[in-house]
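*Asks:* Submitted below is the structure of interest, expressed as structure tokens.
The values are calculated or read from the model by the stated rules, or taken from the named source; none is laboratory data. Worth saying up front: this structure is predicted, and the values here are computed from it rather than measured. As a convention, Cβ positions derive from the backbone with ideal geometry for all residues, glycine included, and neighbour counts pool all protein chains shown. Surface accessibility is based on the protein's heavy atoms, side chains included, excluding ligands, DNA and RNA. Shrake-Rupley method; radii C 1.70, N 1.55, O 1.52, S 1.80 Å.
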Amino acid sequence: MSNKNLFLVISMSRSGHHPIMEWIYAQFEPRKLFLNYCDFATPQDVLTNRVQYHWNDQKYYKKISDSWIQHGLVDQKLKEFVRETEGVKREVLNADKNLLIMNFENLNLSQIPMSVDAFTSHFSPFENRGCILVMRDIYNLIASRLKSGRELSREDIRQKNETFQNMISAWKSHAREFLGETNVLPDKILVNFNRWFLDVDYRSELTKKLHSDREVSDWHTVSTYGGGSSFDQMYLKDEAHKMAVLDRWKEYRDDETFWTAFDDPELVSLSERIFGNPTTIDNG
């Protein structure tokens, strides 16, 4: 046996990347591992510092995370995750893997502490390697963050404070990479969340780029990572196609503070070059 597929998923929180990662995961055969919330600065610790993860067909936790406690998710998560055993721990650390997929959120690509090649050099060689850059338009991203209340507040926008500025700077770095203005990520697979959600043919095109074991064209499951949807939580957990993910901005259409987030011509231009302007598109 040997290690086959290694994917680093780069995204902003609330960008729709969790359902995309679970969709990717479903397309590979076992000996597969998904690690959530990895730290790009410490590649040597990624496996040993696992907290919650997906190994083959079961989700495990190493310890109850602070975020589960903080957001009142412990009871819900313990129905989904089981405590890892010593046997599972040995497999996760030592087994050759058909798939290793890792998630990196809110990484500013203009400030990453090392090259991707330097990061992946800490892992055994993989036959197929790629960086999956997932992007969501800035209007719906900000709306989902506001609704979640975890990453962004109306006060952050009003003050244009460090939280807001860091988010915008990181999102812009992803957009420049998506558009090819920078080339930080090798072996890039670009994923437009808006298109992925709507278009089965687009999902099929992405599957071919992944060289996966099988194709999963339809996907209607809401990911439980991140507490589910900011707007719908888990109420539509098997009917994700019914979620109005491209119209989240409408919740704030009469909110003056929301619109001041876009007093930035470069931000608006980058988003519209990739997605068009969702506030002028009828997705009904």
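*Asks:* Under 5 Å between amide H atoms, partner at least 5 residues away or on a different chain: which partners does Lys188 have, H built in plane at 1.01 Å?
*Replies:* Correct list: Cys131.
*Asks:* For Asp187, what accessible surface area do you get with a 1.4 Å probe? Give it in Å², rounded to 10.
*Replies:* Number for this one is 90 Å².
*Asks:* Right, here's the next one. Using the Karplus curve 6.51 cos²θ - 1.76 cosθ + 1.60 with θ = phi - 60°, what ³J(HN,Hα) values do you get for each residue of region 86-102, in whole Hz, with x for Gly and Pro?
*Replies:* Values per residue, Gly and Pro as x: 4, x, 5, 4, 5, 5, 4, 7, 10, 6, 4, 10, 6, 8, 10, 10, 10 Hz.
*Asks:* Based only on Cα atoms, what mean projected area does the convex hull of region 26-155 have, in nm²?
*Replies:* On the way: hull surface 39.5 nm².
For the Cα atoms of region 26-155, the hull's average projected area reads 9.9 nm².
*Asks:* Further, regarding this structure: Would you mind checking which residues have amide H under 5 Å from Lys59's amide H? H placed 1.01 Å from N; only 5 or more apart, or other chain.
*Replies:* The list, which skips near neighbours in sequence, is Val82.
*Asks:* Run the numbers on region 55-211 and let me know its relative contact order in percent, using alpha-carbon pairs under 8 Å that are six or more apart. Intermediate values should be presented prior to the final figure.
*Replies:* Working: 97 pairs, mean separation 37.7, N = 157.
Result for region 55-211 is 24 percent.
*Asks:* For region 97-159, count the residues as N, evaluate 2.2 N^0.38 Å, and divide the Cα radius of gyration by that value, please. Write down the numbers at each step before the final one.
*Replies:* Values: Rg = 16.4 Å, N = 63, 2.2 N^0.38 = 10.6 Å.
That works out to 1.54 for region 97-159.
*Asks:* Still on this structure: Run the accessible area of the chain with a 1.4 Å probe and give the carbon-and-sulfur part as a rounded percent. Before the final figure, lay out the partial values.
*Replies:* On the way: 6030 of 13060 Å².
The value for the chain is 46 percent carbon and sulfur by accessible area.
*Asks:* Step through the residues of region 52-61 one at a time and calculate ³J(HN,Hα) from phi using the Karplus curve (6.51 cos²θ - 1.76 cosθ + 1.60, θ = phi - 60°), rounding each to whole Hz and writing x for Gly and Pro.
*Replies:* Each residue of region 52-61 in turn: 10, 7, 10, 10, 6, 9, 9, 9, 10, 10 Hz.
*Asks:* Accessible area per residue of region 1-84 at 1.4 Å probe, in Å²?
*Replies:* Values: 3530 Å² over 84 residues.
Averaged over the residues of region 1-84, the accessible area is 42 Å².
*Asks:* Still on this model: Could you tell me how many degrees, from 0 to 90 and to the nearest 10, lie between the Cα long axis of helix 200-210 and the main elongation axis, the longest principal axis, of the Cα atoms of the chain?
*Replies:* With both axes taken from Cα atoms, the answer is about 40 degrees.
*Asks:* Still on this structure: Can you give the convex hull volume of the alpha carbon atoms of the chain per residue, in Å³?
*Replies:* On the way: hull volume 37.2 nm³, N = 284.
Spread over its residues, the Cα hull of the chain gives 131 Å³ apiece.
*Asks:* How big is the charge dipole of the chain about its Cα centre, in debye rounded to the nearest 20, if each Lys and Arg gets +1 on its Cβ and each Asp and Glu gets -1 on its Cβ? Working shown, then result.
*Replies:* Numbers: 36 positive and 42 negative charges, 127 e Å.
Rounded to the nearest 20 debye, it is 600 debye.
*Asks:* Pull up all non-local amide H partners of Leu6: gap of 5 or more, or a different chain, and H-to-H distance under 5 Å with H placed in the peptide plane.
*Replies:* Leu100, Asn128, Arg129, Gly130
*Asks:* What are the ³J(HN,Hα) couplings of region 266-271, residue after residue, when phi is run through the Karplus curve with 6.51, -1.76, 1.60 and θ = phi - 60°? Round to Hz, x for glycine and proline.
*Replies:* Result, ordered by residue: 5, 4, 5, 4, 4, 5 Hz.
*Asks:* Which FRET efficiency, nearest 0.05, do Phe262 and Val200 yield, Cβ-Cβ r, R0 25 Å? Mind dumping the intermediate values first?
*Replies:* Details: r = 31 Å, r/R0 = 1.24.
Approximately 0.20, to the nearest 0.05.
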